[in-house]
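The values are calculated or read from the model by the stated rules, or taken from the named source; none is laboratory data. Source: prediction; values computed, not measured. A quick note on method: Cβ atoms are made from the backbone with ideal geometry, for glycine too, and the neighbour counts reach across all protein chains shown. The accessibility values were calculated without ligands, DNA or RNA, using every heavy atom of the protein model including side chains. Shrake-Rupley method; radii C 1.70, N 1.55, O 1.52, S 1.80 Å.
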Amino acid sequence: MSTLCHMFAVSHQNEVNQNIPQIDEKDTLIYQDGKLLAGSLEALIQHLVPTTDYYPDRTYIFAFLLSSRLYIRPHSLLNQVCQTCTKQQGLNRDGMTRERLAQFGPNIIQLLSEWTEMFPYDFRDERMMRHLKEITQKIVGFYPALNKDAGIINANLISRLSALQKYEEILSRVNNEIMQRSVNIVPLTDITEVCPSPLILAQQLTHVELERLSQIGPEEFVQAFAKETDLETTYKDVKRTSNLEAYVQWFNRLSYWVATEICMHLKKKQRIKSIEYFIDVAKECCNIGNFNSLMAIIAGMNISSVARLKKTVST
């Protein structure tokens, strides 16, 4: 039998539990030492949405937009962000004014600006552009002064996507020319005669590397790794890793070109000269900080067709 004291204690505990609000696990975020570690997808999306007096940290915006595509498509994420903003701020309510929204308008425009800046390739999807247009038009209706900022976002986005399209067209033409060269016999020219200076060649390689690297979106790395997971069908329609794949092809092409330049010579003395030349080019690439070309040259000199030239290499 329970004692009277125990009964009162149980009754008091029940009252305390009733006064504590029940928290849904979907709305919780886990922090450690002031840093966000984990949370449900719904809570993380909520944490991304700005309010009148809150704006997410830029590092969180980048990390979440990059990793969230493993679980939700970018157009669905933007749609949820727009719906959350509309519901929280009551954008569809009658009588809603700019004064009541306060700083929300500039905050959501800033979020969209950072999204288009960090991941412009997401907006190649027509659904993304449609959601972007809808939310910006709705915000500009309350904040006419933000019309200029919304225009800048669209102009910068269109410029970035146009540059990407032009780059991909150039890549396509280059690949077609390479295919034709592989079929037709083209006279080989000694690179040491065309460009005697290893430093100049290293600099030119660096220009090529920077141009190709600048066109790779960070989301391409995530999408490339996700090919091996069960999430492939989750966002199959937005997988675009062509720029990353073109960069890998460039690395392989450079490696085989180095091996070709060495093996094309019939005389041992000329092969030694080519090997020494590419060693100097690799050193200059290292000094510049162009480690991708450095590794491509090293890989080319370790291809079996070069590595088996024991007498030349030992010399």
*Taking the radius of gyration and the Kirkwood hydrodynamic radius from Cα positions alone, what is the Rg/Rh ratio for the stretch 242-315, to two decimal places?*
1.01
*Report the extension gain between residue 203 and residue 267 in nm, rounded to one decimal, defined as 0.36 nm multiplied by the number of residues separating them, less their alpha carbon distance.*
20.2 nm
*asked:* Given a Förster distance of 25 Å, report the FRET efficiency between residue 67 and residue 33 from their Cβ-Cβ distance, rounded to the nearest 0.05.
replied: 0.75
*Summing +1 for each Lys or Arg and -1 for each Asp or Glu, what net charge is found among the other residues whose Cβ lies under 13 Å from the Cβ of residue 114?*
-3
*Each residue of the stretch 146-154 in turn: what ³J(HN,Hα) in whole Hz from Karplus with 6.51, -1.76, 1.60 and θ = phi - 60°, glycine and Pro shown as x?*
8, 4, 5, 5, 5, x, 5, 4, 5
*Accessible surface of residue 62 in the full protein assembly, 1.4 angstrom probe, to the nearest 10 Å²?*
80 Å²
*Once label points are set 7 Å from the Cα along Cα→Cβ at both residue 252 and residue 94, what is their separation, rounded to one decimal in nm?*
6.5 nm
*For the pair residue 83 and residue 280, how long in nm is the line joining their label points, each one 7 Å along Cα→Cβ?*
6.5 nm
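Could you give the size of the charge dipole of the stretch 93-180 about its Cα centre, using +1 on the Cβ of each K and R and -1 on the Cβ of each D and E, expressed in debye and rounded to the nearest 20?
Roughly 300 debye, rounded to the nearest 20.
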*Would you kindly state how much longer the chain becomes between residue 133 and residue 173 on full extension, computed as 0.36 nm times their sequence separation minus their alpha carbon distance, in nm to one decimal?*
11.0 nm
*Put 122, 280 in order of accessible area, largest first, 1.4 Å probe: what do you get?*
280, 122
*Ordering of 153-159, 214-220, 302-308 by packing [mean C-beta count within 10 Å, highest first]*: 214-220, 153-159, 302-308
*Classify the stretch 54-191: rounded, prolate or oblate, from the alpha-carbon gyration tensor (a ≥ b ≥ c, eigenvalue square roots; a/c under 1.5 rounded; otherwise prolate if a/b is larger than b/c)?*
prolate
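Are there any trypsin sites (Lys or Arg not before Pro) in the stretch 75-148 that are in a DSSP loop and have at most 16 other Cβ atoms within 10 Å? List them by number.
Taking the stretch 75-148 and a limit of 16 other Cβ atoms within 10 Å, the loop trypsin sites (Lys or Arg not before Pro) found are 93.
From the Cα gyration tensor of the stretch 87-142, with a ≥ b ≥ c the square roots of its eigenvalues, which class applies: rounded if a/c is under 1.5, or else prolate if a/b is larger than b/c, or else oblate?
Prolate.
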